[in-house]
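Worksheet: one structure, shown below.
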Amino acid sequence: MMPEISEANPVSGQRTEYHHDQFEALFNYATIGIVVTDHLGAIINFNKYAENQFGYEKEEVIGQPVEILLPHSLHGIHRTHRNDFYQHPEPRRMGEGRDLFALKKDRTQFPVEVSLSHYAIGSETFVIAFVIDITVRKRSEALVRKQNADLEKGTTDILELNAELEQKVDDRTVMLRETLVELERSRKGLNEALIVEKELSDLKYRFVTAASHEFRTPLSTILSSAYILGKYEKDEYEEKKEKHILRIKKAVEGMKGILEDFLSLGKLEEGKVQIKMEEMTTQECIEELRAATGELEHLLKPGQVIRLEHESQRTTCTVDRHMLKSIFINLVSNAVKFSSEDSIILIRLNFSIGYFIMSVKDTGIGIPKGDQAHLFDRFFRAENAANIQGSGLGLHIIGKYLELLKGTISIDSQLNTGSTFTVNIPQ
């Protein structure tokens, strides 16, 4: 007996149930939001991904119009588009050429891309909306647009800057050509001026050298005669004789010092001064400088005293004997010259490990602050020293000597209080 068809129905039912489960899993676990509506636009199905997108539970939206998922401003136009679709259903993408936005449960709007499809059961048509959240894509597109705009602006700025630079280059080229023409015109004149300057320099050096040698001998003779005159027996004119003898001595010493300064300057400017460093014991150096103070005693004003102090951390020092003595005599003679009677000229020698340090301190007229920066300029005289004899070359020559010795000199001075000059010569 053939089994009835009804006996095969359980197997067919199991297959139908199996396929239903498969489609249910596909619907719920799809990685895209799926919303199904009937011909009235009411939501009849809502998958899990759509729940995450919109923030609704499925039970909250079933039976609700699909416009619940859209911004309120779009409800009217969406109903019109929905009715048109139901009348002429076909798969399509919504919003082509314009931006679409959906609305979450918390009223937050977000950009979406929507594709529509449909199916029919009997005479009733159902619509399936596939919803993709494109927030990240929109941000990326906005970033790309901004970068493109920035790039375009940068390109425009570079082009403008390049044009501006080209114009500046053209302008500078014209200026350079004009300058070169002027330089070429003046080149011959400059060469002639340099030749004249060199001739004048040579003439000056020859004059200074000749004058120094020609005047030195007669001045020495005058000085010697004055000293001899001072040794004659006393008479009733002794006081007047001593006064004139002292005047002769000071005048001759002043002229001799000026000539010595001119001769030293000429040699320095011609590069004819050579350093002759030698090692001396500290005691030898002290005695040599002490002896140099004796050469200055005739310059001392009444009551003036030269005091020499020393401190040694080493037993030898390395110096140029001639330059050191010249620096010493120049600084001490200046201290005597610019100090008053009954004053003390204090000299301190410090033989340290790294330097030979010599300071000369006086209690004289001091140096104005504005003049201190120019003290080592050639022929410079401070404004308060205009009436005191001097060539304005002494400190300039000291500065040149110290350049050769790689040494330094510093000044500490106050008006009407005194000055201290400190010399450092590296060892």
Problem - Volume of the Cα convex hull of the range 274-426, divided per residue and given in Å³ - result: 106
Handout entry: Debye-sum result for the range 31-133 in log10 I(q)/I(0), which assumes one identical scatterer on each alpha carbon, at q = 0.10, 0.13, 0.17, 0.25 Å⁻¹
Key = -0.24, -0.41, -0.73, -1.73
Handout entry: Phi-based couplings in Hz for the range 293-301 (Karplus 6.51, -1.76, 1.60; Gly and Pro marked x)
Key = 5, x, 5, 9, 4, 5, 8, 5, 7
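Arrange the peptides 167-178, 412-423 so that the one whose residues have, on average, the most other Cβ atoms within 10 Å appears first. Could the numbers behind the result be given before it?
On the way: 167-178: 10.2, 412-423: 16.7.
Descending mean neighbour count gives 412-423, 167-178.
To check you understand DSSP bridge types, tell me what percent of the beta bridges within the range 274-426 (both residues inside) are antiparallel, rounded to 5. Before the final figure, lay out the partial values.
Values: 25 of 33 bridges.
In the range 274-426, approximately 75 percent of DSSP beta bridges are antiparallel ones.
Relative contact order (percent) for the range 320-365, with alpha-carbon contacts under 8 angstrom and 6 or more residues of separation? Present the calculation step by step, with values, prior to reporting the outcome.
Numbers: 44 pairs, mean separation 17.1, N = 46.
Averaging sequence separation for qualifying contacts and normalising by length gives 37 percent for the range 320-365.
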Practice task
Determine the relative contact order of the range 31-133: mean sequence separation of Cα pairs under 8 Å and six or more apart, normalised by residue count, in whole percent.
Solution key: 31
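None of the figures in this text is laboratory data; all of them are computed from the coordinates on show. It should be emphasised that the depicted structure is a prediction, and the values quoted were computed from it without experimental measurement. Cβ sites come from the backbone with ideal geometry, for glycine too, and all protein chains shown count toward neighbours.
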